[in-house]
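Q: This is the structure, below, for whatever I ask next.
Just so it is clear, none of the values below were taken in a lab; they were calculated from the coordinates. What you are looking at is a predicted structure, and each value in this text was computed from that prediction instead of being measured. Ideal geometry is used to build each Cβ from the backbone, glycine not excepted, and the neighbour counts take in all protein chains shown.
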Amino acid sequence: MKAPTVDVIRILIAIILPPVGVFLQVGLGLHFWINILLTLCGYVPGIIHAIWVILRR
């Protein structure tokens, strides 16, 4: 199990720059590119997806 502080830092990064938060969690995988598209379509969908990716692992 990961340290909770790491998740909190990633969530804070995800709120500021959603793709960076996803990148720190999964790297340059499919979820990173999905997050780029969602962030370009709207900032809030990118944040929601980033937080979901961070919390599900």
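Q: Using only Cα atoms and rounding to the nearest 10 degrees, what angle (0 to 90) does helix 43-56 make with the longest principal axis of the chain?
A: 30
Q: May I pose another question? If you rank VAL26, VAL6 by fewest surrounding Cβ atoms within 10 Å, what's the result?
A: Least to most surrounded, the residues fall as VAL6, VAL26.
Q: With everything on Cα atoms, drop me the angle between helix 4-16 and the longest principal axis of the chain, reported from 0 to 90° to the nearest 10.
A: Between the helix axis and the principal axis of the chain, the angle is about 20 degrees.
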